[in-house]
Amino acid sequence: IHRKLCNIEKAKKLYKIAEEKAECSWEFCSLADSIHESLKDKKWAKEFYVKAEEKAKDSEDFCDLANSIHGKFGDKKWAKKVYKKAEKKAEDSSDYESLAESVRDNLGDKKWAKLLDQKAKELSEENDDDDYDDDDYDDDD
């Protein structure tokens, strides 16, 4: 027991050092995942997820964070809030496709996922149209 307690204290010190060095959402999310797994400290892990949410910049950051929150805590309410932030930051069809998959798989919200899939399809079609330029092709070739 004493050895295990010493190792836990050592791990906490190392996590605190890592926290000081963490800069981006992904790093805080990884620390939260690790703390949850290795120390089983949900309260401390949640603090890191909150920091990850504050540092998140794009749809992928928010989507990955929501996936972790759902996976580690099963907190659908918090995950949904973060997925909504991901939707606001989504820029292209792959952002929407990834988000749709997560919403469908983790929240079971087929209606929202269908809307996200539709947005992905629309953006994909727009990009396909943008890629085609009549001036790029010569009928004489």
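The values are calculated or read from the model by the stated rules, or taken from the named source; none is laboratory data. Keep in mind that what you see is a predicted model, and the values were worked out from it rather than measured. Here the Cβ is made from the backbone with ideal geometry for all residues, glycine too, and neighbour counts use every protein chain on show. Ligands, DNA and RNA are stripped out before the accessible areas are found, and what is left, the full protein with its side chains, is counted by its heavy atoms. Shrake-Rupley method; radii C 1.70, N 1.55, O 1.52, S 1.80 Å.
Quick rundown of the values:
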{"read-out": "The range 3-32 residues that are more than 24 Å from ASP64 (Cα to Cα) and surrounded by 10 or more Cβ atoms within 10 Å (Cβ to Cβ), paired with ones that are polar (S, T, N, Q) and at pLDDT below 95 (beta carbon under 8 Å, 6 or more apart)", "value": "ALA11/SER38"}
{"read-out": "Leading residue by the ranking (most open to solvent (accessible area, probe 1.4 Å)) among those in the range 33-43 that are under 16 Å from HIS70 (Cα atoms) and of a type outside the set (D, E, K, R)", "value": "SER34"}
{"read-out": "Flag for ASP117 being part of a helix (DSSP H, G or I), at pLDDT 95 or above and open to solvent by less than 60 Å² (accessible area, probe 1.4 Å)", "value": "yes"}
{"read-out": "Within the range 21-73, helices (runs of 4 or more DSSP H) holding 1 or more residues that are touching an Asp or Glu at 6+ places or on another chain (Cβ under 7 Å)", "value": "25-38, 59-73"}
{"read-out": "Lone unmet requirement of (1) surrounded by 17 or more Cβ atoms within 10 Å (Cβ to Cβ); (2) within 30 Å of GLU125 (Cβ to Cβ); (3) basic (Lys, Arg) for LYS72", "value": "(2)"}
{"read-out": "All positions within the range 92-112 that are in a helix (DSSP H, G or I), farther than 17 Å from SER68 by Cβ and open to solvent by less than 60 Å² (accessible area, probe 1.4 Å)", "value": "SER93, ASP95, TYR96, ALA100, TRP112"}
